[in-house]
Amino acid sequence: MSAAAQVTMDPEIVHTMIEHLRENTTDLAPHDIQVPVDHFVNPARAAAEIALFKRLPLLVAYHSDLPEPGDFITKTVLGLPLLITRQDDGSVRTYLNMCSHRGGRVETQARGNRRVLSCRYHGWSFEANGGGLRTIPYQKSFDPIDKARHGLQSYQTEERHGLVFVDFSNDGGRRLAEYLGPQVEAQLAPWQIESSVVVLEKHFTLDVNWKLLVDGAIDVLHPQFLHPGGVGDLIETNIGVDRRYGRHAQHFGARTKLRTLVQEGRAQELGTRYIASNLVLYPNSMLIMAPEHLECWTVWPDADPNRASVEIRFLVRREILTPEVERRVHKSWEILEHAATQEDWPMEVWIQQNCRARPSGTFRYGRSEVTAQHLHRQLARDLDGIEL
Ligand code: FES
Ligand SMILES: [Fe+2]
């Protein structure tokens, strides 16, 4: 058995996928749903979505970004400058990267390892472990300052299965395990993300609404049309198996090779190698599971509804990482890069321009777009209190 096959897949998924390929069927939602075009361009909607994001645990880092105590990364998320650090006890803390003196950016590097964080404006320093205020240069020229009350502001942060989530609501009552739920955890555990290596990392800022980027990555109806001769030849269009896990969901799609194996009667044993899945962690992250690597997307909205950014990383479990696997992962990035930058994103930019030109009416999500429907239904529940 190859190392790749150690990541198991529910035999029911393989069975259903094979049935769909035989019958030319796919999983279906009960009915179409419609989403107002306005939701892609309206600044008030964007503000409401960002307010919702700030009430949910959000994926901000991977274990391998900060494996050792003192390791840190800085990044700006939803307009908030963050300093994410590994603590001495192995936990992760997220600070607002803002000095308690007069607002300087405390850490200016993108990543590194420090015990002490010093603001370069007037030299106030903070403990990387705990975030407490440590020293104040020229302290005698200030009134007495209660150091205990002038540490770095922090946000609730939790790591599970090598994924680091920040919760801006600082809702101490909600644990991450509860938010993800047992089904999502069961999907994540075999990937050993905590011992995976980031083989490739890319960032893009695009003139599209964040929801178009997520929709594009889970769209089951478009490969053969938008990606002929490329991704469209590699993966089946409009054939999929979908699972819902509370707010989250997972879409399983078949590679076209599986159709050949079905015809040859070899699909059941080899199925998992030719089924890829996309685990959508509500609201803005996607973990696309291929046999040898995990492709992680996190999409960030902007206060301007016409803009969004996306972080893409390819992770490989350390135990199976060989130069040959790394070469294949880079090859798969080249295929994705072409599809995304030459085909998906230009179409999404056109859609965004069209939405601005005519922000009335609705967009339709058909019955086979089960995972896209699930996302938009959940957004409607959370933002409008309605069932689509
Ligand atoms: S703003 Fe940071 S030390 Fe003054
Ligand atoms: Fe696409």
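Other residues with beta-carbon under 13 Å from the beta-carbon of Phe53 carry, at +1 per Lys or Arg and -1 per Asp or Glu, a net charge of +1.
Taking amide H as placed 1.01 Å from N in the peptide plane, Ala61 has its amide H under 5 Å from the amide H of Val164, each at least 5 places away in sequence or on another chain.
About its Cα centre, the chain has a charge dipole of approximately 1080 debye under the convention of +1 per Lys or Arg Cβ and -1 per Asp or Glu Cβ, with nothing else charged.
Rounded to the nearest 500, the 222 nm mean residue ellipticity of the chain from helices alone is -8500 deg cm²/dmol, with -39,500 (n - 2.57) taken per DSSP H run of at least 4 residues.
Geometric descriptor of segment 306-388, per residue, is 162 Å³ (volume of the convex hull of the Cα atoms). Close amide H contacts of Tyr245 (hydrogens built in the peptide plane, cut-off under 5 Å, sequence separation of 5 or more or a different chain): Gln250. Within the listed set Gly361, Gly216, Gly151, the residue fluctuating most in the Gaussian network model of the chain (springs between alpha-carbon atoms under 10 angstrom) is Gly361. Kirkwood radius and radius of gyration were both taken over the C-alpha atoms of the chain, and their ratio Rg/Rh is 1.00. Under the combined filter of DSSP loop state and at most 14 neighbouring Cβ atoms within 10 Å, segment 329-373 retains these trypsin sites (Lys or Arg not before Pro): Arg367. Exposure proxy shown here: for Asp207, Asp146, the number of other Cβ atoms within 10 Å sets the order, fewest to most, as Asp146, Asp207. Listing Thr85, Thr272 from fewest to most neighbouring C-beta atoms within 10 Å gives Thr272, Thr85. Between the listed residues Val77, Pro144, Leu133, the Cα displaced farthest toward the positive end of the dipole of segment 58-173, a dipole computed from Cβ unit charges relative to the Cα centre, is found at Pro144.
Ranking Gly172, Val214, Gly162 by how far each Cα lies toward the positive end of the dipole of the chain (charges on Cβ) leaves Gly172 at the top. Legend: ranking of residues Ser141, Ser125 from fewest to most surrounding C-beta atoms inside 10 Å; resulting order Ser141, Ser125. Against the empirical 2.2 N^0.38 Å (N residues), segment 86-214 has a Cα radius of gyration ratio of 1.33. For Ile275, the shell of other residues with beta-carbons less than 11 Å away shows a net charge of +1, using +1 for Lys and Arg and -1 for Asp and Glu.
Note that segment 169-175 has calculated 3J(HN,Hα) couplings of 6, 6, 7, x, x, 9, 9 Hz, one per residue in order, obtained from phi through the Karplus relation 6.51 cos²θ - 1.76 cosθ + 1.60 (θ = phi - 60°); glycine and proline are x.
Placing +1 on each Lys and Arg Cβ and -1 on each Asp and Glu Cβ, with no other charges, gives segment 120-247 a dipole about its Cα centre of roughly 580 debye. Within the straight-line cut-off of under 24 Å between alpha carbons, the lysines reachable from Lys257 are Lys331, sequence neighbours fewer than 8 places apart in one chain being disregarded. Taking a Cβ cut-off of under 11 Å around Asp219, the surrounding Lys, Arg, Asp and Glu residues balance to a net charge of -4, with basic ones at +1 and acidic ones at -1. The chymotrypsin sites (Phe, Trp or Tyr not before Pro) found in segment 54-144 that occupy coil by DSSP, while having at most 13 further C-beta atoms within 10 Å, are Tyr121, Tyr138, Phe142.
Every number here is computed from the coordinates shown, using simple stated rules; none is lab data. Because the structure is predicted, anything quoted here is derived from the model rather than measured. As a convention, Cβ positions derive from the backbone with ideal geometry for all residues, glycine included, and neighbour counts pool all protein chains shown.
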